Every structure is written in structure tokens, then in C-alpha cells.
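The values are calculated or read from the model by the stated rules, or taken from the named source; none is laboratory data. What you see is a predicted model; the values in this text were computed from it and never measured. We place every Cβ from the backbone using ideal geometry, glycine too, and count neighbours over all the protein chains shown.
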Amino acid sequence: MSRQLKIAFVSGHRGWWRNQRLAAKYLRMRLEGIVYPDVYCLAFMLSDDVEFLAEGEEVAAGKYDLILAELQGSETQLRYLEKLVRARNSAVAVIPGPPEILSRDLTHDKLRMVKHILRAAAQVWAYSPELKVFCDGLVGSERAIVIPWPYDLSLTQRLGRCDESRLPDRYSVFVQLPLRFHDVTQNHPFVLKSVLLDVWDTLPSAVRDRLCFHTCVYTEQDRQQYYSSGFADGLPFVLEPRRSYRSFLRFLGQCQGVVNLTTGSILGRVTFLSAALGCAGIFSKNSEFNRRIYSDACVDLFDIVRLRELLDRMFSGIAKGVTDNTLLPSCEALAEVGDFRENQRRLRVICERISGRDDRSHDRRPEVSPETFRISETSNNA
């Protein structure tokens, strides 16, 4: 492609001010030269010329080369996306969210709209093979394309680099990002706590005196249940405040371990960030991405025996000042998924199929520098 594509991203906001705040946040992050593995950054992998569309905003024919939108369960959003794909004023590529989120509020009318959008969109982009299977099965045909994500290994490592002279003299393990007590995405925190308590009791007092667990929540309901349920009783838990992306990376880079057990079909961004920063990790086996990066340290959510074994390895390593190789990421897999330029090239090739452009045309296209990209702060879809 010899020119910049004109791309719009449906923000999901109906109000003008909220839409402008989102655009301003991304402009600020762009000026800071930061890339976040965020759904919005998919648009900036393709072009610098990106606008945010408020939900319901009219789109003139030919104004955009491509419109991107997450596909969620909101009725107003579904009606707007259905209107866009029917109008055919611009090619529309939809990115479905996790099946659990998309499915939980479905009605007969919403299901009809979802199936029509998936069938009529120019492309359907899936962040994982599991999500592709769900989308293809929903419409009964091969529609979804598994896309690369805006992972950037070298930039992540640079942002998360710690000054070793200022490292705290305590051991830190991040547990569950985020901690969920309810809804379809709950990660059954008291199952994990049971195993943590068992392993905690076996640790030498010198280690327990220096070891601290950190977690975070996204919703006020989870915050209330964190305190009212007594989850932190008996263990040295710290509920972390919301952090900017750069601050979060620096904090994560200081952790000796990360434990993140999730339900449902997840993207695996926490897995990537943990691996990029060299953290010992224990992750749920429900994600192909997790299995690829931490192949020896994945566990089924309710496999208590295996979880206890892995936690023993993590805490034993912390006590000895070494990391068990079982808990380390695959450097080869990490380098592959974190190759930003290759991810960018592959996404452009996928995008070129929409208009039937020659796949080789990306070789003649000016590069979009990673320094021009923007990020959001830690998002719910971890």
C-alpha cells in the first residue's frame, strides 16, 4: 500500500466527551512512545491515520478504508454494528470479545444480530484459536482469522527495567490479575487461597517475614468482597491501587513470581508481560497462549495437587534465591510472539485481503514506527 489507510475504531462510548477522552488518552500515550498489547493498538499497527467513532455516529460513504470494532453483548452496540455492515460504506472488521462475555446477555434478537454481523463483516478477527472455533461454530462457516497481537518484547523489557540498586528487600508474588469473586469471570479465589495457606505453613519463618502477596480488583463489588469475605486473613496480601501501564510494568518487574489462574477464553496479556520481564510463573492451562509461553508451568484451575507442587517450587526457589526452570518461560516462543515488526507485517497482510490487494504490497509500504503507538492503562480483558 502506497498510502496511509484511513481507519476508524468504534470506541463503545455513546457520549462525545467520553469518546474525546479516550482519543486524548491514546494521543498522550502515543507521544510517550509506548505500545500496549491493547485491542485499540491493532488499528495503529495498520496506520497512523486513526479516529475513534462514538457509538451511533454517522459514517459517510468512503470516509474510511476500514472500521474496526469489538463485538460485545450490548444491544446498542450490536444495532450500530449491524447498521455499519448493512450500509457497506466502509469495510468492517469485528473483533469478538471472550465468549463468556459475549454470550452472557444474549437474547433471541441479540443472537440474530451477532450472527448477521459475523457473517456480513468484511473480516472477523480472533485473538486465539479457541475464539476462532467459537465464532466459526456460531455462524456455521469458516469466517474468523486468528490475528497477531501488538506484543513488543524489546519495548516491554525496556519499560519494565528495574534499577537493581533500588529493589525492595522483600519478596513479592503477584496473585490473580484481577481477583474476581463473582460473575462468569470469577477465578475462584478461595480455592487458590486454600493451597497458598498449605504452602505458607511449610515456609521457614525467615522467608515468611519477607514474603508478600499482591493482587488487584477492577470492580467495586470485587473490592467489597475482598474485604468482607476475609480473603486476605491469614496471608500477607496487599491490594494494589490502579497503576499506569509504565508503573505496572516496573512493579511487575520487581516481582519474584506471578500466579494467574483464570476461567474462560483469555487473551494472555499478563502471561506475556510476566514472561517478558523474566518472572517465574504459574498460569492456567485454559489458554493456548499460556501453554505456549509457560509450557511446564500451566495447571488446570482445580488441579490442586499440581498447583501445590508448582507453588512449592516457586517458594522454594524464592527461599534459595534461584528460580526453578519449570517456572520459566520459553525464550524461543516469547521472542516469536513478541516480534512487533513481524506482528505488524502479518496483520497488514490480513488487512490487504479485504480489498484484494497483492499480499506483497506491504513490502513497499512505509513503516509505522512503534514509537508512534498508543496504549491504555491495565484493561479488564487480561
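Details
- Scan of the stretch 31-47 for residues that are within 19 Å of VAL10 (Cβ to Cβ) and over 13 Å from the mean Cα position of the chain (by Cα), ordered by number: ALA43, PHE44, MET45, LEU46, SER47
- Pairs where the first residue, in the stretch 348-359, is modelled with pLDDT under 90 and the second is of a type in the set (Val, Ile, Thr) and part of a helix (DSSP H, G or I), C-beta under 9 Å, 6+ apart: ASP359/VAL349
- The single condition among (1) in contact with a Cys (Cβ under 6 Å, 6 or more places away or on another chain); (2) under 30 Å from LEU66 (Cβ atoms) that ARG170 does not meet is (2).
- Out of GLU51, GLU32, sole residue that is within 30 Å of SER247 (Cβ to Cβ) and touching a strand residue (DSSP E or B) at 6+ places or on another chain (Cβ under 8 Å): GLU51
- Single unsatisfied condition, GLY56 versus (1) on the phi < 0 side of the Ramachandran plot; (2) at pLDDT 85 or above: (1)
Listed here are the residues, each with its yes/no results for (1) touching a strand residue (DSSP E or B) at 6+ places or on another chain (Cβ under 8 Å); (2) basic (Lys, Arg); (3) surrounded by fewer than 22 Cβ atoms within 10 Å (Cβ to Cβ).
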site: VAL238; (1), (2), (3): yes, no, yes
site: ARG243; (1), (2), (3): no, yes, yes
site: ALA276; (1), (2), (3): no, no, no
site: CYS279; (1), (2), (3): yes, no, no
site: LYS285; (1), (2), (3): yes, yes, yes
site: GLU288; (1), (2), (3): no, no, yes
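- Scan the stretch 281-332 for residues that are farther than 25 Å from PRO178 by Cβ and aliphatic (A, V, I, L, M) and the total you get is 3.
- In the stretch 193-229, of all residues being more than 28 Å from ARG313 (Cβ to Cβ) and surrounded by 15 or more Cβ atoms within 10 Å (Cβ to Cβ), the one that is nearest to the chain's Cα centre (by Cα) corresponds to TYR218.
- In the stretch 274-286, the residues that are free of Cβ contacts under 8 Å to residues at least 12 places away in the same chain form no Cβ pair under 6 Å with any partner that is surrounded by 23 or more Cβ atoms within 10 Å (Cβ to Cβ), whether six or more places apart or across chains.
- Selection within the stretch 29-83: residues that are part of a loop (DSSP other than H, G, I, E, B) and aromatic (Phe, Trp, Tyr). The member of this set that is farthest from TYR127 (Cα to Cα) is TYR64.
- In the stretch 316-334, the residue that is nearest to LEU273 (Cα to Cα) out of those that are modelled with pLDDT of 95 or more and part of a helix (DSSP H, G or I) is LEU334.
- Given (1) among the hydrophobic types (A, V, I, L, M, F, W, C); (2) closer than 29 Å to SER265 by Cβ; (3) at pLDDT below 95; (4) in a helix (DSSP H, G or I), number of the condition ALA206 does not satisfy: (2)
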